[in-house]
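> Dropping the structure in here first, questions after.
The values are calculated or read from the model by the stated rules, or taken from the named source; none is laboratory data. None of the values given here were measured: they were computed from a predicted structure. Here the Cβ positions follow ideal geometry from the backbone for every residue, glycine too, while neighbour counts run over all protein chains shown. Heads up: the accessible areas ignore ligands, DNA and RNA and are worked out on the full protein's heavy atoms, side chains in. Shrake-Rupley method; radii C 1.70, N 1.55, O 1.52, S 1.80 Å.
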Amino acid sequence: MHRVHADDGPEETLDPVGEAGWAEFRELAHRMVDDMLDHLSGLSTQPAWRPVPTEVRAALTQAVPRTGIGADAAYREFLRLIQPYPNGNLHPRFWGWVQGNGTPLGMMADMLAAGLNPHLGGFDQAPAMVEHQVIGWLAELLELPRNASGLLVTGGSMANILGVTVARYASLKAAGVDVREHGLQGEPGASSVPRLMCYGSAETHGWAQKAVELLGIGNTGFRRIAVGPEYRMDMAALGRTVARDRASGALPCCVIGTAGTVNTGATDDLEALAGFCREQKIWFHVDGAFGALLKLSQSLRPIVRGLEHADSVAFDLHKWGYLPFECACILVRHAELHREAFATSASYLAEESRGVIAGGLPFADRGIDLTRGFKALKVWLSFLAHGSDRYARLIEQNVAQARYLTQLVEADPDLQLLAPTALNIVCFRYAPAETRGWELNDLNREVLLRLQERGVAVPSATALSGQFAIRCANVNHRSTRADFRLLVEAVVDIGKELLEEAEPESGRSAETVYQIQNKAQHD
Ligand SMILES: Cc1ncc(COP(=O)(O)O)c(C=O)c1O
């Protein structure tokens, strides 16, 4: 028998050690909070984006540190290498892609969530009750039944993929196929599984391609239905496509309506889609990545009428919920189907009626992740602190600002609006009467890149009918009307500068950035 030694030398931990160790760490932690609050409160005097310098790129390719330098020195490296060079979405003039800003309270909520670090597979604990409560709140705000099932996930893509996974499970279950047991290959010896079809407008976001590929439906099983001049799904074309597919023996699995398309902010006729799906007995899924939260606003709610009839709705809280990444939600009207589509049983996770695992792991049974963090805390704290009406007002403010930008574009003879502004996305370009040999797509690409590289503002781009568009998607709670005036002035200034240049140059001096910014502050 081996002898057990009570004293085999000191044991390690990653916690600070002793009173002095905790005091030292406390000082560092307070400094981190203070520095970040300084950063957030000074954003408007910072460039919207800074290119990452070569030496920083090099430092970020160093080999793994085998010996640590200590938390204080490591934090100084963060300040030197990382903090100055994020993608810019905190900034009041960031309108690229569809990226929210986050909030100081959301940031602190993430700190509290990481500090408490509970496991949100489920378990008998208050944090799980918070996630249940938040899901109930969100269902109520979206006018879905209060007992709809839901799950907080990383982002809109994941939320949508989970929704379509439930749709696939449910449509095959109704056709007598157990897709979880046999996959799309079907039961050995049984008749083959029908070919599944999903439908969405040609403006559906790219997550849908990943979903049909992952779910074995394949790209040819995703019908991209044409849109009309307002970028909304053509309902007659949808009807014809579904009828043709049924006639060829395929099984319609799900229709995806979009509330707020990524390109132009258009919303499909969700009421008509809900009626069509009800009649055709097809699962109705809504991608409401940002548009779903229009339900919070009394004046904007009519745009998404019909969303409340969806079988599943995916939406982000890190876009128009203004929360820090990552946070999105999938809501499923039919709680049992949601569970059936994902639940597993394993002896090491077996539920008990008492103890820590009482109540089981309901969240692990609604998606893919077993170990999940406490995302619900930032939603809960923020709703509690600000109230849902405040969110409604901010969403309305963003939509009003997009209308304001549209008016500025329309009022300038050198600018051209490229799509109707349905919501919070404005697509336009610099299009003067005389372009001095520039092709408009090239000219606008260069205008956009200079805007970004000089740190003036960060719109992104899209192509609309082959035309390069400068695209502003406004889910920014920090923007003011002055920021949009500055954007328009800068686009015109840079456009004129390009026309005056014999050869496009690689960028203006940093001084100009600050001249432009100072002008904004005095506006
Ligand atoms: C309409 C739409 N759907 C889905 C997504 C994907 O969401 P996420 O980036 O949170 O995965 C986006 C992102 O911009 C979007 O605009």
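> What pairs can you find where one residue is in the stretch 151-171 and part of a helix (DSSP H, G or I) and hydroxyl-bearing (Ser, Thr, Tyr), the other is open to solvent by less than 10 Å² (accessible area, probe 1.4 Å) and within 12 Å of the ligand (Cβ to nearest atom), and their Cβ atoms are less than 9 Å apart, with a gap of 6+ or different chains?
Ser157/Trp207; Ser157/Ala211; Ser157/Ala314; Ser157/Ala328; Thr165/Ala211
> Scan the stretch 173-214 residue by residue and report those that are within 14 Å of the ligand (Cβ to nearest atom) and open to solvent by less than 90 Å² (accessible area, probe 1.4 Å).
Within the stretch 173-214, Gly200, Ser201, Ala202, Glu203, Thr204, His205, Gly206, Trp207, Ala208, Gln209, Ala211 meet the criteria.
> Which residue pairs have Cβ atoms under 8 Å apart, sit 6 or more places apart or on different chains, and have a first residue in the stretch 258-273 that is touching a residue at least 12 places away in the same chain (Cβ under 8 Å) and a second that is assigned to a helix (DSSP H, G or I) and open to solvent by 10 Å² or more (accessible area, probe 1.4 Å)?
Partner pairs satisfying both residue conditions: Ala259/Ile303; Thr267/Ile303; Asp269/Met235; Leu270/His309; Glu271/His309; Ala272/Met235; Leu273/Met235.
> With the checklist (1) farther than 30 Å from Ala350 by Cα; (2) touching a Leu at 6+ places or on another chain (Cβ under 7 Å); (3) of a type outside the set (A, V, I, L, M, F, W, C); (4) within 16 Å of the ligand (Cβ to nearest atom) in hand, flag the one item His91 doesn't pass.
(4)
> Let me ask you something else. Could you check Ser312 against (1) surrounded by fewer than 24 Cβ atoms within 10 Å (Cβ to Cβ); (2) within 16 Å of the ligand (Cβ to nearest atom) and say which number it fails?
Only one criterion is unmet by Ser312, namely (1).
> Right, here's the next one. Which members of the stretch 305-333 meet the condition of being hydrophobic (A, V, I, L, M, F, W, C) and either in a strand (DSSP E or B) or over 29 Å from Ala109 (Cα atoms) (or both)? Give the derivation first.
Just the residues of the stretch 305-333 that are hydrophobic (A, V, I, L, M, F, W, C), to begin with: 307, 310, 313-315, 317, 320, 323, 325, 327-332.
Result: Leu307, Ala310, Val313, Ala314, Phe315, Ala328, Cys329, Ile330, Leu331, Val332.
> Need at least 2 residues that are basic (Lys, Arg) per element, so show me which helices (runs of 4 or more DSSP H) inside the stretch 1-117 make the cut, counting only ones lying wholly within it. I'd like the intermediate steps shown before the answer.
Details: elements: 18-41, 54-59, 71-77, 104-116.
Counting at least 2 such residues, we get 18-41.
> Let me ask something additional. Taking the stretch 258-272, which residues are open to solvent by less than 50 Å² (accessible area, probe 1.4 Å) and either within 15 Å of the ligand (Cβ to nearest atom) or assigned to a loop (DSSP other than H, G, I, E, B) (or both)? Step through it out loud before you land on a result.
So the first thing to find is which residues in the stretch 258-272 are open to solvent by less than 50 Å² (accessible area, probe 1.4 Å), and the list is 258-268, 270, 272.
Selection gives Thr258, Ala259, Gly260, Thr261, Val262, Asn263, Thr264, Gly265, Ala266, Thr267, Asp268, Leu270.
> Assess whether Cys254 counts as being more than 17 Å from the chain's Cα centre (by Cα), open to solvent by less than 10 Å² (accessible area, probe 1.4 Å) and in contact (Cβ under 8 Å) with a residue 40 or more places away in the chain. Working first, answer last.
Values: more than 17 Å from the chain's Cα centre (by Cα): yes; open to solvent by less than 10 Å² (accessible area, probe 1.4 Å): yes; in contact (Cβ under 8 Å) with a residue 40 or more places away in the chain: yes.
Against the criterion (more than 17 Å from the chain's Cα centre (by Cα), open to solvent by less than 10 Å² (accessible area, probe 1.4 Å) and in contact (Cβ under 8 Å) with a residue 40 or more places away in the chain), Cys254 qualifies.
> Do we find a residue being surrounded by 14 or more Cβ atoms within 10 Å (Cβ to Cβ) and basic (Lys, Arg) anywhere in the stretch 233-245?
no
> What tally of residues in the stretch 122-150 results from selecting those that are open to solvent by less than 20 Å² (accessible area, probe 1.4 Å) and outside any helix (DSSP H, G or I)?
6
> Turning to a different aspect of this structure: So, in the stretch 36-57, of the ones that are small (Gly, Ala, Ser) and surrounded by 10 or more Cβ atoms within 10 Å (Cβ to Cβ), which residue ends up nearest to the chain's Cα centre (by Cα)?
To start, the set of residues in the stretch 36-57 that are small (Gly, Ala, Ser) comprises 41-42, 44, 48.
Then drop every residue that is not surrounded by 10 or more Cβ atoms within 10 Å (Cβ to Cβ), which leaves 41, 44, 48.
Working: Ser41: 24, Ser44: 23, Ala48: 20 Å.
The selected residue is Ala48.
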